[in-house]
Amino acid sequence: MLSLLLSGRGRLIVHLTGWLLVTLVTFYLILGLRPAGEAFARTVMNILFPAGLFYLNAKIVVNRFFERGHYWQWGFWSLALWLGFAGLRVWAERAAFGGSLFKGSNFMPDGGGDRVFFVTALIYFVLMIFSALYQLLENRREIEIRHTQAQLNYLKAQINPHFLFNTLNNIYSAAVLQHPRTADMVLRLSDLLRYVTYEGQARRIPLEKEMAQIRAYLDLFQLKSEHPLPIRFDVEGALEKMEIEPLLLLPLVENALKHGNLDEQPDQAFLHILLKNEHGKLLFRVENTVDPINRQKDDTGGVGLDNIRQRLELNYPGRHRLEVWESEGRFVSELEVLNDE
C-alpha cells in the first residue's frame, strides 16, 4: 500500500486529496464570516497562492538552486519568492475584496494592512520550510529508488549468462551423445531465453508466466533422458491473480537440477516442487536428492542463492523468508513471499 501511495499516480492523488481537504476547511471557516459567494472567491485565492508558493519553491527554487549547490542564488530567490508572494497575496485581497477577511471586526477594525502582511508572511515562511523539506525528502527517495533499480538490473544481468551457461551445458551433453532431441532442446532454449531477455526486465509479472517457464525448463531437462525422470511439480491454491518479480523462482529449480543427481541415479533420485498460495503468502519449496560425493559439478560455483537473497532484500524487504538446508542426502530450498497488497 505504501509503495502505491509513493508512486507517481499515488503521489498525485495524495496531493489533490490534501489540497481538496484544505479547500473545504478554508471555505467552511470563511463561510462563517462572509456570504457564500465571497467565501468561495476568498477560498480560491487562499488556496491558489499557497499552492503556487509550495510547488514553485519545491520544484524550481529547491531543485534548481539548492540541490545543485547554488546556495546564494537559492537564498536570494527564496527570499524574493517568500516576500513577493506575501505582498502579492495582500494586494490581491485588497484589490478584489477591499480589505482583509477581518476588516470591520473587533480583531482588525481598520483592516490592519501591516498586520495582515506580517501574518501572511509568517504563514508563507512556514509553508516554504515544509515545501523545501518535502522536496528534499522526495529527491532522496528518488535517488534510493534509482540505486535500488540499478542493483536489481545488475543482479538480473547476472542471472542471464548464468542461466545460459547451465542450459547450454545440458544441450552440449545431448549433442555429444548425438541425442535425437537436440534440435528440440535448442528450440526450448530459444523460448526460455526470450522470456529471460524480455519478461525478465519487468518489475512484476503474472505468476503463471514464471510457472510456465519452470515447466519449460523441466521439459528441457527431461529431453536429455530416454525415460521419464522422477520430477513432480505440485500447485496448490488460487494463483491466477498473483504477481511476482520475474526470474525469482526459476533459479531455485535450475539450482536443484544442476546440483541434484537425477541424471546420474534416476532410480534413487527425485525432484519435488511445491508452489502454494496460503492466504496471499506464496510458498515455493524445492526438494531434491544430492550426491554427497559430488557436491559441486563445476569449478565456477554459482550466483543463484546469493542473487535471490539480494533481490528479495531489495524487492520484498521484511516480507520474505528464504531457507535452505540439507539432510540425509536431500537438499531443500523453501521460499515464502508476502504478496503485494
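Read-outs: derived from the displayed coordinates by stated rules, not from any lab. It should be emphasised that the depicted structure is a prediction, and the values quoted were computed from it without experimental measurement. Glycine gets a Cβ as well: all are built from the backbone with ideal geometry, and neighbour counts include every protein chain shown.
Summary table below
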quantity	calculated
Sites Glu278 and Leu31 - FRET efficiency at Förster radius 41 Å, r taken between beta-carbons, to 0.05	0.20
√(5λ) per eigenvalue of the Cα gyration tensor, the range 2-143, largest first, Å	31, 21, 10
At R0 = 30 Å, FRET efficiency that the Cβ-Cβ distance of Ile129 and Phe40 yields, to 0.05	0.55
Zone of Leu314's modelled label, taken as backbone nitrogen in the range 118-149 under 18 Å from a point 7 Å along Cα→Cβ	141-149
Order of Tyr124, Tyr172 - criterion: other Cβ atoms within 10 Å of each residue's Cβ, fewest first	Tyr172, Tyr124
Stretch gain in nm, segment Lys209-Leu83, where the contour uses 0.36 nm per residue and the Cα spacing is subtracted	39.6 nm
Where a label projected 7 Å from the Cα of Gln268 along Cα→Cβ would reach, residues of the range 212-231 with amide N under 16 Å	230
Segment Ile143-Leu56, length gained on full extension (0.36 nm per residue, minus Cα span)	29.2 nm
Förster-model FRET efficiency, 22 Å R0, Asp191 and Asn169, C-beta, rounded to 0.05	0.75
Residue exposure sequence - Thr289, Thr17 - by fewest surrounding Cβ within 10 Å	Thr17, Thr289
By average C-beta atoms within 10 angstrom, highest first, the peptides 69-76, 35-42, 130-137	130-137, 35-42, 69-76
